[in-house]
Amino acid sequence: MDTFELHRGTTALLVSLPHDGSAIPDALAERMTLGARTAPDTDWHVSRLYAFARQLGASVLVPRYSRYVVDLNRPADDVSLYPGQNTTGLCPTVRFNGEPVYVEGEAPTRAEITERVRRYWKPYHDALQAELERLVTDHGRALLWEGHSIRGSNLPYLFPDRLPDLNLGTADGASCSPQVQLGLEAVLGEQREYDWVANGRFKGGYITRHYGAPENGVNAVQLEISQRCYMDEDSTRYLPERAAPLQRLLEDLLVNALAMTAQR
């Protein structure tokens, strides 16, 4: 249990924050470039951003370690989720800006990657699967909400232009029911604070695609938020005044999706 923290809630909602962790074991950090040792590609402050979800009765799953140790939102076999586009992989060797994670000759071996999957990746996914099964047993349905954030501009290695503020991903509608998808789009369409897109550059990662099974009562949704919406992207400082309206919208989205999930 030292690789993640699970808070069990009382509703059918599970909020998963797989890139919130920023810890890097000392022995591993010594093999990394100075720029990578601070885990700059963390989804900064998403636990704080979604703290309100516990008041909604949500279960919340949060890892301790950085995506540089292992990316929990990639498949264990490291098959690309976005063929033909730059990605950073299961155990990233390149940062979002295209610079190396490791000093020369220190990238992880195949055996090391296998061990990281066993030590860090599998416990998170075992916990996620078990919690979803509990929610379906207790409530008949489950909503898996994947909370993510990323620097929304100046990342030409990953995307050429400015990202929309909010990037909804449902694997082109395959990971959730039509009513969940339409409900979320209606909430987003009614507000004017943030621009948004559904299934654009980010369609949902491995977790959304793998666990979303609306035919079995499990709706899965990923929301990738441009970090400018709640923090200073250069200093990574959280800005409560900027985050407050975003949190109100996130609450509206979660409440709506949970209500749509309850429909049979």
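Do the conditions hold for VAL46, that is, is it among the aliphatic types (A, V, I, L, M) and either modelled with pLDDT under 95 or under 25 Å from LEU249 (Cβ atoms) (or both)? It is true that VAL46 is among the aliphatic types (A, V, I, L, M) and either modelled with pLDDT under 95 or under 25 Å from LEU249 (Cβ atoms) (or both). Does segment 34-45 include one or more residues that are outside any loop (DSSP other than H, G, I, E, B) and either open to solvent by 10 Å² or more (accessible area, probe 1.4 Å) or among the acidic types (Asp, Glu) (or both)? Scanning segment 34-45 turns up no residue that is outside any loop (DSSP other than H, G, I, E, B) and either open to solvent by 10 Å² or more (accessible area, probe 1.4 Å) or among the acidic types (Asp, Glu) (or both). Is it the case that ALA27 is open to solvent by 50 Å² or more (accessible area, probe 1.4 Å) and among the small types (Gly, Ala, Ser)? For ALA27, the condition - open to solvent by 50 Å² or more (accessible area, probe 1.4 Å) and among the small types (Gly, Ala, Ser) - is met. Just so you know, in segment 46-68 the residues that are assigned to a loop (DSSP other than H, G, I, E, B) and more than 22 Å from GLN247 (Cα to Cα) include one that is most open to solvent (accessible area, probe 1.4 Å), and it is ARG64.
Number of residues in segment 213-254 that are among the β-branched types (Val, Ile, Thr) and either open to solvent by less than 10 Å² (accessible area, probe 1.4 Å) or under 13 Å from TYR50 (Cα atoms) (or both): the value is 2. Filtering ALA127, ALA111 for residues that are over 23 Å from GLN85 (Cβ atoms) and surrounded by fewer than 13 Cβ atoms within 10 Å (Cβ to Cβ) leaves a single hit, ALA111. Tally the residues that are surrounded by 20 or more Cβ atoms within 10 Å (Cβ to Cβ) and at pLDDT below 95, restricting the search to segment 165-204. Residues in segment 165-204 being surrounded by 20 or more Cβ atoms within 10 Å (Cβ to Cβ) and at pLDDT below 95: 3 in total. Taking segment 83-100 as the range and being over 18 Å from HIS19 (Cα atoms) and open to solvent by less than 50 Å² (accessible area, probe 1.4 Å) as the test, only GLY98 passes.
Quick check on GLU5: is it within 18 Å of GLY147 (Cβ to Cβ) and open to solvent by 50 Å² or more (accessible area, probe 1.4 Å)? Taking the combined requirement at face value, the residue satisfies it. Listed conditions (1) open to solvent by less than 20 Å² (accessible area, probe 1.4 Å); (2) at pLDDT below 95 are all met by LEU144, apart from (2).
The values are calculated or read from the model by the stated rules, or taken from the named source; none is laboratory data. The structure presented is a predicted model; accordingly, all values stated were derived computationally and were not measured. Note that we place each Cβ from the backbone using ideal geometry, even for glycine, and neighbour counts take in every protein chain shown. Surface areas here come from the heavy atoms of the whole protein model, side chains and all, with no ligands, DNA or RNA. Shrake-Rupley method; radii C 1.70, N 1.55, O 1.52, S 1.80 Å.
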